[in-house]
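Here is the structure we will look at, set down as structure tokens.
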Amino acid sequence: MSKHVLPFVGFAAAISLAASLAVAGPASWQYLNSFGAPDLAPGIPGSSAATNRIIIDSRGIIYITTGTNDSNPKCVWRATAPTTDFSTPTYTLVTSDLSTELANGWQGLAVDADDNLFVSGDNLGSPIKSQVRKFDKDSNPITSFGTSGVVINTTQRLSGCALMSDGRVVVLQILGARMLVLNSATGATDTQVDWTVGGYTRDITIKKDAATGNDVLYVNRNGILQRVTGGSTTNPANYQTTEPWCLGASPAPTDCSFDVKNGCFFFTKDNSVITGNNRGGNVYVVDAATGNALQVLTGIYSAGDVAAFTSGENDYLYVLTGTQYVQVYSKSAVSAAGDWSMYH
């Protein structure tokens, strides 16, 4: 057993859970193990509640942002996602910003079909100077995006980000008043959509419909999953219909500006939305089509952002927590068209 296994999961329980991975389906996640989170900043050991956002690309590269409400830098790290060896992986720094430039830290992560990485962040204003950055699969800045790989927004405080089926980047305004749709090649703002989702909208994930462009948006607002419909890639201004989308469960309304942030993730293979709630300590697996809660993973200390992918015969779910560890859940992979997808 790894030294990083949380103390409330004993050896016998872990063996039993591992043996149950033959069970398939979107509601059959089982706790598998945990591993150490990255340092808070280079040379500064990680503290509890230091991890903010997580995403995984098609190669199984995991990206985690770190930052707390202090003067330490706000960082993005990468490593190979653990699936069998749960010792702390070797993390490589992707980018780091001074707290004076990005006081509220990195709020959003997304990867595209080419494994390019997008990150969005907020500096708390005074004056507003939010950022969106783009890196290639080797973590080099893509200089054609914005200015040397950086888009500076001086009018909006930005939070989560995700990709539409046409490849454009949706970035949320943190107070829930609007969303921005950016050209993913240049970083230019194609559209600004005013809506009434409400604050605080911390994260967004998108169910893509490449055939029609009728993408469905899911946002985590104050710890509660909501579905936003009515629009499309050709008419994003019509994304105005908002409804709660975690039926049959009662996630606690909550928000955390710093540290562990509520998150959401669309797992295409299961047609499910997985969302974390840092106050209730639960992760909810929700049917994307009906909004019904299929499974609730309980007993997680300050459950935050989540991400999932498939490796070999198993699906893996990674959950950021209010500790120095990332929890891992697993289940048997379900054969489905498209094999896997976890573009956030």
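No value in this document is a laboratory result; all are computed from the given coordinates. Nothing here was measured: the structure is a model prediction, and the numbers come from that model. Using ideal geometry, Cβ is built from the backbone for each residue, glycine included, and neighbour counts are taken over all protein chains shown.
Things worth noting here:
- Note on the chain: dipole from Cβ charges, positive end direction compared against THR84, SER311, GLY176; the farthest Cα belongs to GLY176.
- Pairs from LYS74/LYS207; LYS134/LYS208; LYS74/LYS129 whose Cα-Cα separation, in the structure shown, is over 23 Å: LYS74/LYS207
- When shorter helices are ignored and each DSSP H run of at least 4 residues is given -39500 (n - 2.57), the per-residue value for the chain at 222 nm works out to -500 deg cm²/dmol.
- Note: relative contact order over the stretch 45-143, using C-alpha pairs below 8 Å and six or more positions apart, is 20 percent.
- Rg/Rg_ref, the stretch 55-161, where Rg_ref = 2.2 N^0.38 Å and atoms are Cα: 1.07
- Summing charges over neighbours of VAL76, with a neighbour being any other residue whose Cβ is under 11 Å away from its Cβ, gives +3 when K and R count +1 and D and E count -1.
- Partner aspartates and glutamates for LYS331 [C-alpha distance under 20 Å; skip if fewer than 8 residues away on the same chain]: ASP57, ASP85, ASP270, ASP287, ASP305, GLU313, ASP315, ASP339
- The chain: relative contact order as a whole-number percent, Cα under 8 Å and 6+ apart: 17
- Cα-centre dipole for the chain with unit charges at Cβ (Lys and Arg positive, Asp and Glu negative), debye to 20: 400
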